[in-house]
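Taking it in order: structure first as C-alpha cells, then the write-up.
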Amino acid sequence: MANLIEMRGIVKRFGPVKALDGVDLRLEPGKILSLCGENGSGKSTLMKVLCGIYPHGDYEGQILFEGEEVKARTIKDTEKLGIAIIHQELTLIKELSILENIFLGAEISTKGLMDFPAMHKRTAELLKRVKLDVSPQTKVGDLGVGQQQLVEIAKALSKKARVLVLDEPSAPLTESETAILLDLVQELRASGVSCIYISHKLGEVKHISDDICVIRDGVHIATKPASTMTTDDIITMMVGREMKQLFPREDHDIGEVILKVGPINAWDISNPRMKKVVNASFELRKGEILGVSGLVGSGRTELMECIYGCYRGNHEGGVELNGRPLKLASAREALVQGIAMVPEDRKRNGIVPIMSVGQNITLAYLNEFANYGMLSMAKETNAIKQSIASLRVKTPGPELAIRNLSGGNQQKAILARFLLSTPDVLILDEPTRGIDVGAKYEIYRLMFQLVKKGISIIMVSSELPEVLGISDRVLVMHEGVIKGDLPNENLTQEIIMDCALSEGTAQ
Amino acid sequence: MSEQQATSKSADGANQDLLEKLKPMNLQVLVMLFAIIIIMVFFYFMTDGSYLTTRNVSNLFRQTAITGILAIGMVFVIISGEIDLSVGSMMGLLGGVAAILDVWVGLPLSLTIVFTLAAGLILGFWNGWWVAYRKVPSFIVTLAGMLAFRGILIGLTDGTTVAPTSNAMSIIGQSYLPDMFSMVLAVGVLAAYMIWQQRVRGQNTQYGIQNEAQGMAFTKYAVIAVFSLGIVLLLNDYRGVPTPVLILTALMLIGTFVATKTTFGRRVYAIGGNVEASRLSGIDVEKTKLRVYTMHGLLVGVAALILSSRLGAGSPSAGNMAELDAIAACVIGGASLAGGVGTVVGAVIGAFIMASLDNGMSMMNVPTFWQYVVKGGILLLAVWMDSATKRRA
Ligand SMILES: Nc1ncnc2c1ncn2[C@@H]1O[C@H](COP(=O)(O)OP(=O)(O)OP(=O)(O)O)[C@@H](O)[C@H]1O
Ligand SMILES: [Mg+2]
C-alpha cells in the first residue's frame, strides 16, 4: 500500500547535540503506528519535525505526504494537510471553556461576529464523537486530565485531521481512562484516521498498534508489525540489551512506626463544600515502601499535599513524625522536619523551565552547598554531576535549560532534586510518569537503596503493576476514603479494584 | 542506553555546551556594546567632538550613577517576577528626608546617611510586605506608593525646595576621588578578584571539575584589567573618579555577587521562573520577596542621598519618572518582565545607555519632548530586538 507519510533520513541537531541521526518512518493510511524508545531517544523531536514545529531547513532529510514532498514552515502548513499533534504536555487553556478551546484561533464567524450556535453545535458533535458527555460550555480547568485529553483529541478532529499524532497521551491517565482513549483511537482508525502513538506503556502499545517503530539515541532501530513482537522484544530493542525483570524487589528490614497520619480531612479548593479527603489516617514504618493506589480524583494527591503542608484548600488533621506532632503549614517546614515530596504535575509544580538542569536539581537543598548564604560552586557542580550520573539524566550538560530536556529526563532531574538530601519520609507522587522501562528499573532500584538506608517511602501511582511490584503495603483510596490497608502478600489487581469499590472503610 | 554511553556523551558535550551557553550571553553584551558605540559616534559628530571630551565622559558616568543604582535594585524585583513603580517618588521622598535632616535639623552627615538609609529600608519593607504577605499585586502596591510617597514629600516640604545643603553633604554626589587612591583601589580589587578566581579553580580541581584553560583565564583577567584601569585613567584625566561612580561600581559588584553566588540570588531567579515549583522546593517565597523589596528600598536610599547632594537641595519634584528610567535600564539590559531572567551588569549597562542618550540630547539642545520620544522609541526597539532574537533561537 502507498505510504501516507514517509520520513527519510531525518537528522536534527540542537547545537552540537544530534537528537535525531537519520531516522526513517513510514505510516500507511488507516494504520496505527507506535513509536517506542527510551527517554531522550528523540520521539517527540521526530514528531515536532513532522508537524512543522521545527521548520523545513532546520533539519536534514525529506518528508513526503502522499508521495509529495512537504516543506512546512509552520504548524499551520501541516494542519492544512491534515496532520494534527497532541503534545506531551497538555496545551489547553484552563480558564476557557471546551468550546472556546476547540475553536481558539479558528472561530466560526459571520461578518466578524462569532457564530456561537454554530460552534456550539459543532463542539457538541465532536464531544459526542470522542464520547465525552459534558456541556461544550464547561471550563476545561474543571475537567479531569483524562477528559482534557479527550478534548485535545476533539480539537484535533475539528481540524479535519487525517493523521493524529499522540505524544504520550496516556501518561497522566488511569487505566479506565486509558481504555476509553484506546477505544477511541481504534474507532478513529476504522473511520480512516491514521495515528502515530507514543507511549512508554508497552502493554497498550502492543494492544493497539499495527506497526511498531523503535528508535534509540536518535537512530532508527526497526519497524515491524506489532503481531510479530512481544513486549520483551520491544524492550530489548529500546534498551539495547535484554531486561530480565521489571521490578527489582529486594529484601529490606522494616522498623518501627515513624509517621502517623491523620485523621485528615480536606475540602476542594474551588468548591469548599466538597470533601476531597475523608477521615484519612494511616501509619508508615521505617524503611517501608507504602503504595497508594486509586483513581485520579480519589484524593490521593490531596492527601499527600496535606502531609507535605502544601495543600491550598481547607484541611484539618495532624501528622506525627518520630512521635513529634508537625504543623501542616508549608513545604519548607516539611523539608526541614524530614519529609520530602516529588510533586505530580512536573510542568506546573516541578521544573523551573528557564533555569539550568543543574540549578533545578539543587533547588530544594541549596543550603547544603552554602556557607552563610554563599554558594560554593565547586561543591554544587560536583553534587550535580553525581546526581546526573546516578539517575542517568540524559543531558548534553548541566548548563542546559531544563525545558530543553525530554519529558522523562525532566522527571528524573526533579526526582534527583529531592534525593540530594536524606529525608526520613519521601513522598513520590507518580514518580515514573512518562519514564521509560529502563529508567523505571533504575528508579525502583534507587527506592530500594533508600529504604535500606532507613528512609520510608510513600509512592502514589495509578499503575497497579508498579504498586504491586514494589510496595510492602498498599493503601487503596476511593473518593477520598482509604478503603483498604493491605499488606502486599498475594495481592492482585482484582483484589485492589474490588477493595476500591467495596462498601465501608478500612479498619 | 548503557551507562558508559550516557556519561561519555555528557562529558564531551560539556565543553562545547559551555560555548553554546556563552554565545547568546555574549550576543546580548555585544549588542549592547554595539549600541553604545553607535550612540557615542553619533553624538560625537553631532556635538563636534565635545561629547567625548574627558570632562563629558566623566559627567556621563556620574549621571549613570543614580539610574544605575536604582536599576540594580529594580533588576532583582523584576527577576523575582514583580515590578516597582514607586521608585521615583520613593527616591524623591528619601532625598527630601535627607535634605530636611541636613538643612532644617542640621544633623551631621553620618546621621543623615544612617537615617535616610533606614527610611529607605522601611519604605522598601512596606512595599514588600504588602506584595509578599498581603498578596496585593505589586503593580498596585507600588502604584499606590508612587502616589503616596510623592504626597508625603510635598507635605513634609510644604511644596518648597529645601536648600542649601551643607558642604559635608555635597561630598557624596559632587566630590572626586584622588587619582592615586582610585588607582590603588582598582589594582587592589583586581588582584583580589584574580586570587579569588584562582582559588575557585583550585576548588574545582579538588572536586574533579574541569576548568577552562589557564591561558584562557589569564587572557580574561588581562582584558578585565585593561578595561577597568583604562576607565580609571580616563576619569583621572579629568578630575578623578566621581564618588557616585565608586558607589555604583561597588554596588554593582556586590549585586552581581548576590545574584550569582548566594542562595538568596538563586532563589530570586527560581521564584521568577516558577513560583509554585519554588514553594514546593521549600523556598520561603514570601520572605524572599520581602527581602528583595527591602534591599531595593535601601538602594533607593543610596540613590536619594546622591541625588540630594548633587542638586544641593531637596525638591518636591525630585526623582519624577525615575522609575521608568530604571525599568527601561533593566529591560534594555536583558531582564524579562515575565520574571526569572536578568543580570545586574546588564541593568547597569542599560542605565549607561539611557544616560548616554540623555546627556547627548541635552548637549545638542534637543527639546525635552523629543527626548521623551527618543527614549520611548529606544525602549521599544530594545525589547523588540530581544524577543525577535529569542523567537528565532
Ligand atoms: N531545544 C533543545 N535544545 C537542546 N537539546 C534538545 C532540545 N530539544 C530536545 N533536545 C534533546 O533531544 C533529545 C531528544 O529529546 P525528545 O524530547 O525528542 O525525547 P523523547 O524521545 O520524546 O523522550 P521522552 O520519552 O522522555 O519524552 C534529548 O536528549 C533532548 O535533550
Ligand atoms: Mg517526548
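Considered as a group, the residues in segment A:439-450 that are under 16 Å from the mean Cα position of the chain (by Cα) and at pLDDT 85 or above include one that is nearest to ligand 1 (Cβ to nearest atom), and that residue is A:440. Take segment A:195-212 and flag every residue that is open to solvent by less than 10 Å² (accessible area, probe 1.4 Å) and under 14 Å from residue A:167 (Cα atoms). Of everything in segment A:195-212, those that are open to solvent by less than 10 Å² (accessible area, probe 1.4 Å) and under 14 Å from residue A:167 (Cα atoms) turn out to be A:195, A:196, A:197, A:198, A:199, A:205.
So that you can scan it fast, the table gives a plain yes or no per residue for (1) modelled with pLDDT of 85 or more; (2) within 30 Å of residue A:6 (Cβ to Cβ); (3) in contact with a strand residue (DSSP E or B) (Cβ under 8 Å, 6 or more places away or on another chain); (4) not in a loop (DSSP other than H, G, I, E, B):
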residue: A:85; (1), (2), (3), (4): yes, yes, yes, yes
residue: A:88; (1), (2), (3), (4): no, yes, yes, no
residue: A:134; (1), (2), (3), (4): yes, no, no, no
residue: A:146; (1), (2), (3), (4): no, no, no, yes
residue: A:152; (1), (2), (3), (4): yes, yes, yes, yes
residue: A:169; (1), (2), (3), (4): yes, yes, yes, no
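Checking each residue in segment B:205-231 for being farther than 21 Å from residue A:382 by Cβ and either β-branched (Val, Ile, Thr) or more than 26 Å from the chain's Cα centre (by Cα) (or both) picks out B:215, B:216, B:218, B:219, B:223, B:224, B:226, B:231. Residue B:125 fulfils the conditions (1) out of contact with any strand residue (DSSP E or B) (no Cβ under 7 Å at 6 or more places or on another chain); (2) open to solvent by less than 80 Å² (accessible area, probe 1.4 Å); (3) in contact (Cβ under 8 Å) with a residue 60 or more places away in the chain except for a single criterion, (2). Could you tell me which residue of segment A:1-22 is farthest from the other protein chains (Cβ to nearest Cβ), considering only residues that are closer than 18 Å to residue A:71 by Cβ and within 16 Å of ligand 2 (Cβ to nearest atom)? The residue in question is A:10.
Which of the residues spanning segment A:388-430 are within 14 Å of the chain's Cα centre (by Cα) and away from ligand 2 (no atom under 16 Å from the Cβ)? Of everything in segment A:388-430, those that are within 14 Å of the chain's Cα centre (by Cα) and away from ligand 2 (no atom under 16 Å from the Cβ) turn out to be A:415, A:428, A:429, A:430. Counting only residues that are part of a strand (DSSP E or B) and in contact with a Leu (Cβ under 8 Å, 6 or more places away or on another chain), which one in segment A:462-482 is farthest from residue A:424 (Cα to Cα)? Top of the filtered list is A:478. Comparison of A:127, A:90 shows that the only residue that is within 16 Å of ligand 2 (Cβ to nearest atom) and under 19 Å from residue A:169 (Cα atoms) is A:90. Search segment B:73-119 for residues being in a helix (DSSP H, G or I) and among the hydroxyl-bearing types (Ser, Thr, Tyr), and hand back the single one that is nearest to the chain's Cα centre (by Cα). Restricting to residues being in a helix (DSSP H, G or I) and among the hydroxyl-bearing types (Ser, Thr, Tyr), the top hit is B:89. Selection of segment A:23-52 for residues being in contact (Cβ under 8 Å) with a residue 40 or more places away in the chain, within 14 Å of residue A:165 (Cβ to Cβ) and more than 10 Å from ligand 2 (Cβ to nearest atom) yields A:25, A:27, A:31, A:32, A:33, A:34, A:49, A:50, A:51. Of the residues making up segment B:36-59, those that are open to solvent by 90 Å² or more (accessible area, probe 1.4 Å) and not in a helix (DSSP H, G or I) number 1. Listed by first and then second residue, the pairs linking a residue in segment A:401-418 that is within 11 Å of another protein chain (Cβ to nearest Cβ) and in contact (Cβ under 8 Å) with a residue 12 or more places away in the chain to a residue that is among the basic types (Lys, Arg) and within 15 Å of ligand 2 (Cβ to nearest atom), with Cβ atoms under 8 Å apart and 6 or more places separating them unless they lie on different chains, are A:409/A:394; A:414/A:346.
The values are calculated or read from the model by the stated rules, or taken from the named source; none is laboratory data. Note that the coordinates shown come from a computational prediction; the quantities given were computed from them, not determined experimentally. All Cβ positions, glycine included, derive from the backbone under ideal geometry; neighbour counts span all protein chains shown. Remember, those area values only see protein heavy atoms, side chains included, never the ligands or the DNA or RNA. Shrake-Rupley method; radii C 1.70, N 1.55, O 1.52, S 1.80 Å.
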